[in-house]
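Worksheet: one structure, shown below.
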Amino acid sequence: MSASVIGQGGALRLVRAVAAVPPARLWARLVHEAGRRAAESLPRAWRERLADVDQPPPAVRSGYLAALARELGPGEASASLTVDLLGRPHVLERPIDWEPAGRGRLWHFTLHYFDWAVAAVASAEDPAPAARAVFDAMGSWASAVPFGRYDAWHPYPTATRLVSWTYLPATYPELVTPELDRSHWLQVRYLAQHPERHAGGNHLLQDLCALVVAGLRYRGDAAEEVVARALHELCREAPRQVTADGCHHELSAAYHLQVVVMLAEAVLSLASAGLASPPALLGALAATTAFAERMRLPDGSYPLWSDSSRDSVAPLDVVVALARGALAAATGSGTAPSGGAVLPYPYAQLLASAAAGKGLKRLDGAPSRPFRTLARASGYHVLRGDGLTAVFDGADTGARGLPGHGHADCLNVDVHTAAGPLIVESGTSTYDPGDDRDRERGTAAHNTVEVEGLDQTEVWGSFRTGRPARTFDRAAGESGGWSWASAAHDGYVHRGVTHRRWVGVRGGTVAVLDALELAAGAPPATFRLRFHLAPGVEAREEEGAIALGLAGSETWLRIAGLAEGEAVGLVPAASAASFHAERFGHRRPRGLVEVTGTISPGRRYLGAVLSPRRSRAELRHAAGAVELVTDLWPTLAWRDAPGPLVPVAAREEAAA
């Protein structure tokens with residue numbers, strides 16, 4: 001292919017990516033980038049003079065986060081500090097290099113977060129040397145990193161760092177120096193002037209929550225203005241970012257939990273300062289916490305929807321306990337969860353600090369509007385049966401107008417049994433652009449149908465997204481003993497194909513029906529249906545069925561609706577065709593089940609049945625309906641016509 005054709009294709013793809021972003025956000029990003037580049041072009045001395053970097057901080061608020069305080073024992077600072085960055089140990093040796101070469105942008109962001117410093121203090125067997133090493137690192141950062149230099153002063157790392165730098169001085173106040181105080185206040189002022197309105201999403205929420213947590217450290221008009229402005233914007237923004245069913249609108253499970261933590265920290269910090277949380281903030285926290293509880297899987301984890309990993313946020317149960325404790329402290333209704341005593345530092349201490357704030361009063365000028373969500377429901381469903389759970393992704397590709405964390409994974413289904421996960425999402429191991437990033441975001445890495453070898457949504461680079469797939473014809477319900485959900489997506493409409501999927505759970509079985517519609521007059525199209533197995537699941541074929549073995553138990557998978565010449569293929573883990581990533585920097589090979597076929601104009605159906613015992617399964621067409629017939633339960637039937645896949649009838653079928 002010629003370079004001109006490649007260039008033209010790349011230009012068109014970029015145009016489609018730009019078209020997925022609202023004009024107001026594009027304009028805000030242009031303004032932000034222009035301002036950043038203009039500031040970086042100034043001599044350092046000018047930047048510092050304009051920012052008044054030596055401005056003394058206001059007085060510290062007495063008693064704020066008092067329960068975090070620890071007694072500092074004897075001991076010298078550790079000569080080096082080994083911390084975890086993106087799932088790998090990293091040694092911070094003096095002098096610390098804050099801009100090491102050869103690292104990806106997320107790695108640099110993580111270095112500047114300083115959440116690793118909080119973790120180092122929490123996990124150290126001897127806290128004193130670790131604490132002194134951490135404060136030495138803070139001092140090194142404050143003196144060595146030029147003001148305004150990206151990525152260190154990017155608003156998102158600044159916000160995350162500010163929260164850590166608020167908790168650590170409250171824990172060891174005797175280690176705080178005047179230089180650290182000045183740097184902390186400078187970062188507060190800088191972030192207050194540069195919240196990420198151009199980025200929106202979790203970034204903007206993190207900025208605003210961090211300003212509340214860090215701004216409350218001080219007394220006086222300047223600090224109170226920072227907190228009040230942040231609260232006003234937070235109470236406007238949160239309803240826009242919480243869906244009708246309580247999910248964060250970027251539709252990532254991990255970022256959803258991060259948002260719950262952000263909101264809980266803001267609520268607890270306000271209570272520690274003796275201030276009441278506005279209704280909109282409490283409503284957003286209550287809604288997102290309830291959603292977090294609903295997405296809990298049998299092993300206590302959460303689905304790896306979109307950009308999700310298990311090491312980017314605290315475990316789900318810890319997050320929920322923190323949030324429930326925050327709501328109890330803020331409302332005075334009930335008590336904190338009984339598991340609160342086992343919460344790790346600093347969460348247990350935050351709850352204790354909030355509990356000490358009696359007679360909460362309203363901050364002058366704080367918003368009083370109630371919480372009311374403005375985004376449509378997520379489309380996610382966790383369907384629970386007898387020892388078995390199916391997770392259905394009827395969601396869009398990321399937030400509308402903010403799809404960067406989305407994957408091309410519409411209508412993905414995961415299955416978890418009492419023995420452990422069976423069929424699961426791929427997860428996310430990297431944000432660095434390249435083949436691994438493209439593969440993990442692509443349709444082929446998910447448990448759905450791929451058409452013509454194309455992704456439902458164009459994904460490339462770190463967060464580029466073009467022509468994002470949207471779901472429609474959503475439905476969910478309970479009937480005939482089934483808990484079910486269904487949806488369709490438009491990711492292949494440009495190829496004349498519409499994919500619909502119905503997922504149901506009854507007792508210890510899961511049924512899946514796929515409908516592939518090809519427009520009249522369109523040429524035949526190829527498709528691939530994939531089910532990626534969890535690492536450790538062993539698969540074998542036996543008499544037309546697939547036995548999936550895990551922890552001494554077996555679940556049988558049967559595919560129905562195969563055309564002549566089509567077959568179910570098993571791809572072993574050794575082929576390295578599929579990987580599972582629960583943490584950044586870590587990928588594990590796993591096997592997959594794959595069906596390849598062809599769609600002709602009209603409607604094509606495929607069925608899948610998972611059950612603890614081997615059974616027969618077939619698709620039949622009768623009287624304007626398509627039926628999934630098995631000896632496990634009464635026949636399932638759907639109307640054989642365009643439109644939502646909703647069960648219309650059930651009749652008893654004699655066992656074979």
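Derivation of every value follows stated rules applied to the coordinates shown; laboratory data play no part. Keep in mind that this is a model prediction, so the values were computed, not measured. So basically every Cβ, Gly included, is an ideal-geometry build from the backbone, and we count neighbours across all protein chains shown.
Computed on the stretch 1-150, the Cα convex hull volume stands at 229 Å³ per residue. Compute the signed sum of charges (Lys and Arg +1, Asp and Glu -1) over the other residues within less than 13 Å, Cβ to Cβ, of ARG13. Once positives and negatives cancel, what remains is 0. Distance from the Cα centroid of the stretch 234-284 to that of the stretch 88-111 is 31 Å (rounded to whole angstrom).
The packing ranking of peptides 128-136, 622-630, highest mean first, is 128-136, 622-630, where packing means the average number of other beta carbon atoms within 10 angstrom of each residue. Net charge of the neighbourhood of SER78, taken over other residues with C-beta under 11 Å away and scored Lys/Arg +1, Asp/Glu -1, is -2. When the helices of the chain are scored as -39500 (n - 2.57) per DSSP H run of n ≥ 4 and the total is divided over every residue, the value at 222 nm lands at -10500 deg cm²/dmol.
If you wrap a convex hull around the Cα atoms of the chain, how much volume per residue is inside, in Å³?
Working: hull volume 114.3 nm³, N = 656.
Once divided by residue count, the hull of the chain is 174 Å³.
The base-10 log of I(q)/I(0) for the stretch 95-235, evaluated at q = 0.10 Å⁻¹, reads -0.32 [Debye formula, identical scatterers on Cα atoms, solvent excluded]. Neighbour counting of Cβ atoms within 10 Å sorts the residues ILE599, ILE423, fewest neighbours leading, into ILE599, ILE423.
Highest-first packing order for the peptide set 483-491, 49-57 is 483-491, 49-57, based on the mean count of other beta carbon atoms within 10 Å. Between the listed residues LEU619, GLN241, ALA355, the Cα displaced farthest toward the positive end of the dipole of the chain, a dipole computed from Cβ unit charges relative to the Cα centre, is found at GLN241.
The Cα atoms of the stretch 381-651 cover 52, 49, 36 Å along the three principal axes, with the biggest extent listed first. Lys/Arg Cβ at +1, Asp/Glu Cβ at -1, dipole of the chain taken about the Cα centre: which of VAL510, HIS580, PRO58 is farthest positive-ward? Of the candidates, PRO58 comes out farthest on the positive side.
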